[in-house]
Amino acid sequence: MTVRVRIAPSPTGNLHIGTARTAVFNWLFARHHGGKFILRIEDTDLERSRPEYTDNILEGLRWLGLNWDEGPFFQSQRLDFYKEAVQKLLDQGLAYRCYTTSEELETLREAQKARGEAPRYDNRHRNLTPEQRAAFEAEGRSSVIRFKIEDGREIVWNDLVRGKMSWRGSDLGGDMVIARASEEGSGQPLYNFVVVVDDIDMQITHVIRGEDHIANTAKQILLYEAMGAKIPEFAHTPLILNMEGRKLSKRDGVTSISDFQQMGFTAEGLVNYMTLLGWSPPDSTQEIFTLEEAAKEFGFERVNKAGAKFDWDKLDWLNSQYIHKTPVDKLTDLLIPYWQAAGYKFDGGRVDAERLLVRDRAWLEQLVTLISQSLTRLVDAVPQSQLFFTDTVEFSDEGSTQLKQEGSTAVLEGIVTALENQPQLSEAAAQEIIKQVVKEQKVKKGLVMRSLRAALTGDVHGPDLIQSWLLLNQIGLDKSRLSRAITEAN
Ligand code: GLU
């Protein structure tokens with residue numbers, strides 16, 4: 001048997017973290033078994049489905065590296081196929097037209113509520129005579145299609161995550177609506193029905209989805225039986241919870257994969273983290289792995305039943321690990337969109353008319369080398385490199401205090417003088433200038449370094465000083481900053 005699994009998102013919103021995590025588990029399971037991962041867009045809800053959400057879902061899956069083997073299939077293009085399937089159930093007497101009005105259903109629900117019962121349809125139109133049906137139609141009532149569910153049935157399956165699951169037919173709310181009313185013929189088919197029709201047609205062997213679908217599974221098993229199809233295996237994956245143990249929601253600042261992208265997470269870091277949301281590898285000390293590596297080990301025996309807590313610190317830590325080992329040229333590519341979004345100018349943005357120096361690719365890569373090890377999220381590069389993209393810097397309190405230290409101005413003046421003979425600064429020349437100033441002015445090297453840092457960056461902490469200086473020198477900003485710092489100090 002070839003394993004065939006699917007992810008079946010509804011394009012009623014951007015790709016959600018929960019859906020994406022379900023996609024990860026499907027992908028891992030398919031790859032582990034050398035099977036197929038299929039993408040199906042469940043867009044039968046015409047009012048809420050939007051093409052831009054479909055685009056966002058496809059882009060998100062691609063970005064995460066969750067490549068699919070078949071699809072995307074669109075349910076909206078298969079409506080005739082579903083209508084035929086509805087008709088078959090009607091013809092076999094396994095489904096029927098129900099003419100109960102919404103007012104009648106409401107009255108029924110009220111009465112049930114008053115008796116302290118759970119709301120359910122009472123199957124009142126299950127055995128209408130042709131005359132009764134004709135009478136309802138003559139009244140102009142519209143109909144839905146209901147599938148018969150026997151109250152006495154016990155539905156049992158062996159869930160790959162949760163073990164033996166069992167439901168009573170009487171707990172499924174009465175005969176279920178599989179198609180809504182519509183002008184022509186069999187009506188608009190609904191989720192629980194089309195999902196089964198498609199999973200049969202696409203020969204899905206394992207249905208892997210969130211545990212919020214458990215009640216649907218009981219209903220769907222009855223539909224598989226009615227359609228004479230083999231019932232697939234089911235695996236219901238745990239919900240993602242916030243740190244307080246409640247279902248993760250928009251209030252937690254987490255919504256879609258594109259939000260995570262904007263927040264500066266790398267695809268590899270995020271997908272690695274999602275793999276660990278409910279699954280642990282056999283060697284539980286191993287936390288960093290690619291999707292391919294995880295796929296080798298993946299199985300449902302190591303997927304938890306309990307909800308998976310979303311841990312931002314761990315995600316940040318994993319993300320930083322990926323950033324720190326990304327090669328400079330690739331990391332530069334990843335950072336460019338964040339700098340652009342911040343309005344930073346580079347690639348030919350001339351800053352010094354005389355020397356025609358530019359923030360070019362080589363300069364950017366040098367900057368990336370300088371800051372890469374201190375990035376947790378890609379977006380951190382924006383504040384951390386701001387001083388290299390603005391003409392002047394703001395002085396922090398500590399920076400100002402440093403500039404007012406005894407000897408600081410003289411040190412900076414010494415550096416300015418030394419720079420006059422050094423249009424293009426090299427690392428060795430920079431070191432030499434510092435040494436020379438220490439010697440000439442008989443001051444501690446620490447004073448020179450701290451004063452230089454305050455002058456160039458406005459602050460007393462920051463990335464490697466010599467490298468920062470070289471970067472500023474290349475774009476012609478070091479001298480102007482030194483001069484301004486001398487003014488600031490006096
Ligand atoms: N369209 C459903 C959802 O997005 C799919 C559920 C399933 O996998 O069957 O929740």
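The values are calculated or read from the model by the stated rules, or taken from the named source; none is laboratory data. As the structure is a computational prediction, the values presented were derived from the model and not from experiment. Positions of Cβ are generated from backbone atoms using ideal geometry, with glycine treated the same way; all protein chains shown enter the neighbour counts. Keep in mind that these areas ignore ligands, DNA and RNA; they rest on the heavy atoms of the full protein, side chains included. Shrake-Rupley method; radii C 1.70, N 1.55, O 1.52, S 1.80 Å.
Overview of results
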quantity: Hull volume in cubic angstrom per residue (convex hull over the Cα atoms of the chain); calculated: 204 Å³
quantity: Amide N of region 11-25 lying under 11 Å from the label point, which is placed 7 angstrom from the Cα of SER76 along Cα→Cβ; calculated: 11-12
quantity: Helix 191-201 vs. the chain, principal-axis angle (Cα, 0 to 90°, nearest 10); calculated: 90 degrees
quantity: Sorted peptide list for 232-244, 119-131, 267-279, 439-451, criterion being average Cβ within 10 angstrom, highest first; calculated: 267-279, 232-244, 439-451, 119-131
quantity: Helix axis angle, 214-226 relative to the chain longest principal axis, alpha carbon, degrees; calculated: 50 degrees
quantity: Where labels lie 7 Å past Cα in the beta-carbon direction, separation of LYS404 and GLN441 in nm; calculated: 1.8 nm
quantity: Accessible area per residue in Å² at 1.4 Å probe, computed on the chain; calculated: 48 Å²
quantity: Value of Rg to Rh for region 357-490 (Rh from inverse mean 1/r over Cα pairs, i.e. Kirkwood); calculated: 0.95
quantity: Structure-based [θ]222 nm, the chain - -39500 (n - 2.57) summed over DSSP H runs of at least 4, per residue, nearest 500; calculated: -14500 deg cm²/dmol
quantity: Centre separation in Å (Cα based) which lies between region 383-459 and region 229-274; calculated: 47 Å
quantity: Per-selection Rg to Rh, region 18-100 - Cα, Kirkwood hydrodynamic radius; calculated: 1.10
quantity: Calculated FRET value between ASN158 and ARG361, using beta carbons and R₀ = 56 Å, to 0.05; calculated: 0.45
quantity: Of the trypsin sites (Lys or Arg not before Pro) in region 178-237, those whose Cβ has at most 14 other Cβ within 10 Å and which sit in DSSP loop; calculated: LYS230
quantity: Whole-percent carbon and sulfur share, accessible surface of the chain, 1.4 Å; calculated: 48 percent
quantity: Considering only the chain, percent of DSSP beta bridges that pair antiparallel, nearest 5; calculated: 60 percent
quantity: Dipole magnitude of the chain about its Cα centre (Cβ charges: Lys, Arg +1; Asp, Glu -1), debye to nearest 20; calculated: 680 debye
quantity: Computed label-point distance, nm, for sites ARG50 and HIS324 using a 7 Å Cα→Cβ extension; calculated: 4.0 nm
quantity: D (Stokes-Einstein, µm²/s), Kirkwood Cα radius, region 159-275, 1.306 mPa s at 10 °C; calculated: 93 µm²/s
quantity: Lysines whose Cα lies under 23 Å from that of LYS435, excluding same-chain neighbours fewer than 8 positions away; calculated: LYS404, LYS444, LYS445, LYS479
